[in-house]
Amino acid sequence: MTTTNKTVPANRVFSGMQPTGSLHLGNYLGAMINWIAMQESHECIYCIVDLHAITLWQDPAELRQSIRKVTAAYIASGLDPKKSILFNQSQVPAHAELAWVFNCVARLGWLDRMTQFKDKAGKDKQRASVGLYVYPNLMAADILAYRATHVPVGEDQKQHLELTRDIAQKFNSDYSDGIAALGYNDGFFPLPEPVIQGAGTRVMSLRDGTKKMSKSDPSELSRINISDDADTIAKKIRKAKTDPGDLPSEVAGLDGRPEAQNLVGIFAALSQQSHDDILKDFGGGQFSKLKKELAELAVEKLAPIATEIAKLEADPAEIDRVLADGACRAREIAAPTIDQVKDIVGLLRS
């Protein structure tokens, strides 16, 4: 029986995004900035979760292009394939293998409580794919195949991470004897911790400040894609919805004003200042001045990323090479984990 890989780094990070649609400002401020910073202090594994993407039907040719596009956006934003492991999920079989084991560990009642399935399946859940229903079990496998200790997530994914912890705990309990026989004294899987940080963790739609900025919104004006050029960025900010009042001078004055709160929050996140600092400069004035300076700041921060994305996308073979190299490195970590899981649950393996 396998007895390797008994120790796990104290700071191993796993996270990923789906290759559906362009990455937008919400992804960048809510996730990418944190991912980039964590490269300096953690062992980071970042994935393009293409298996998750096919829980809803995807055009195969478009999906292949989207995988490369998101990879280019990862790298252009500042994720370094030499510092972090970058790969697409379907190239590492351990994700799917471990997900099946977790399908047998998780309970229907746990999945029934997952609000994202209800939101995505809509009223006719009988027509939803089984994959969409067990999506959280695959997410748990993504994380635990690497026995990750920290997971940067948005607020909407916290429930899934809680399920991951439940699955890890139940596996450790159900198979405690086999785990102990392999020499693990504190359970086989760690209970990963969520990492939610930063002023821009929840960026809202530019057309409706009560809704999260989303790839799926039919209006292109609702979001700033990180591949947008300078003119497009400026146009979208200029057309962003506001309310009739002037900007408040204090943060409390943003209550009940979702569009104002969103624009101030975006400015704060991009400039790495507090909401108070922004309102000291713009409080009492009209939105036009804030929008003008926000557009200039957004162009300064994002336009170079868009330029680099275009350069990377012009060389798909290099993107494929990066993904293949990352998948090889990811398999080296995940393979011993799935081997030991098979030993623990009583499966024969070669």
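The values are calculated or read from the model by the stated rules, or taken from the named source; none is laboratory data. It should be emphasised that the depicted structure is a prediction, and the values quoted were computed from it without experimental measurement. Neighbour counts run over all protein chains shown; Cβ positions are idealised from the backbone, glycine included.
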Kindly provide the set of residues from the stretch 278-297 that are within 14 Å of GLY253 (Cα to Cα) and either within 29 Å of the chain's Cα centre (by Cα) or surrounded by 16 or more Cβ atoms within 10 Å (Cβ to Cβ) (or both), ordered by number.
ILE278, LEU279, PHE282, GLY283
So which pairs qualify, if the first residue must be in the stretch 223-241 and not assigned by TED's automatic domain parsing to the domain that holds ALA260, the second must be part of a helix (DSSP H, G or I) and of a type in the set (Phe, Trp, Tyr), the Cβ gap must be under 8 Å, and the two must be at least 6 apart or on different chains?
none
Filter the stretch 205-222 for residues that are in contact with a strand residue (DSSP E or B) (Cβ under 8 Å, 6 or more places away or on another chain) and free of Cβ contacts under 8 Å to residues at least 60 places away in the same chain; the one that is surrounded by the fewest Cβ atoms within 10 Å (Cβ to Cβ) is THR210
Test for LEU29: is it at pLDDT below 95, crowded, with 21+ Cβ neighbours inside 10 Å and assigned by TED's automatic domain parsing to the domain that holds THR149
yes
In the stretch 76-92, what residues are in a strand (DSSP E or B) and of a type in the set (A, V, I, L, M, F, W, C)?
ILE85, LEU86, PHE87
Is it the case that the stretch 161-169 has a residue that's under 30 Å from THR242 (Cα atoms) and either in a helix (DSSP H, G or I) or in contact with a helix residue (DSSP H, G or I) (Cβ under 7 Å, 6 or more places away or on another chain) (or both)?
no
Condition set among the hydrophobic types (A, V, I, L, M, F, W, C) and not in a loop (DSSP other than H, G, I, E, B), scope the stretch 214-250, selection farthest from GLN286 (Cα to Cα): answer is ALA230
TYR175, sole failed condition from (1) at pLDDT below 95; (2) over 26 Å from ILE36 (Cα atoms); (3) not charged (D, E, K, R):
(1)
Being closer than 30 Å to ALA99 by Cβ, β-branched (Val, Ile, Thr), in contact with an Asp or Glu (Cβ under 7 Å, 6 or more places away or on another chain) and surrounded by 13 or more Cβ atoms within 10 Å (Cβ to Cβ) narrows ILE338, ILE344 down to just ILE338
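Conditions tested, residue by residue: (1) buried (at least 19 other Cβ atoms within 10 Å of the Cβ); (2) at pLDDT 95 or above; (3) of a type outside the set (S, T, N, Q); (4) more than 19 Å from LEU161 (Cα to Cα).
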position: TYR74; (1), (2), (3), (4): yes, yes, yes, yes
position: SER84; (1), (2), (3), (4): yes, yes, no, yes
position: VAL92; (1), (2), (3), (4): yes, yes, yes, yes
position: LEU98; (1), (2), (3), (4): yes, yes, yes, no
position: GLY109; (1), (2), (3), (4): no, no, yes, no
position: LYS118; (1), (2), (3), (4): no, no, yes, no
position: ALA121; (1), (2), (3), (4): no, no, yes, yes
Return the pairs, sorted by first residue and then second, in which the second residue is outside any helix (DSSP H, G or I) and β-branched (Val, Ile, Thr), the first residue lies in the stretch 337-348 and is touching a residue at least 40 places away in the same chain (Cβ under 8 Å), the beta carbons are less than 9 Å apart, and the residues are 6+ apart or on different chains.
ASP339/THR2; ASP339/THR4; GLN340/THR2; GLN340/THR3; GLN340/THR4; ASP343/THR2
In the stretch 9-41, anything more than 14 Å from THR71 (Cβ to Cβ), in contact with a helix residue (DSSP H, G or I) (Cβ under 8 Å, 6 or more places away or on another chain) and hydroxyl-bearing (Ser, Thr, Tyr) is listed as SER15, TYR28
Give just the number: which of (1) modelled with pLDDT under 95; (2) not in a helix (DSSP H, G or I) does ARG207 not satisfy?
(1)
Which pairs have Cβ atoms under 7 Å, sit 6 or more apart or on different chains, and link a residue in the stretch 117-130 that is within 9 Å of THR55 (Cβ to Cβ) to one that is at pLDDT below 75 and surrounded by 10 or more Cβ atoms within 10 Å (Cβ to Cβ)?
ALA128/ALA121
Does at least one position in the stretch 265-285 carry a residue that is among the acidic types (Asp, Glu) and without any contact (Cβ under 8 Å) to a residue 12 or more places away in the chain?
yes
State the number of residues belonging to the stretch 54-72 that are under 18 Å from ALA327 (Cα atoms) and either in a strand (DSSP E or B) or of a type in the set (Gly, Ala, Ser) (or both).
2
Tell me yes or no: at least one residue of the stretch 53-70 is of a type in the set (Gly, Ala, Ser), at pLDDT 95 or above, surrounded by fewer than 22 Cβ atoms within 10 Å (Cβ to Cβ) and over 26 Å from LEU206 (Cα atoms).
yes
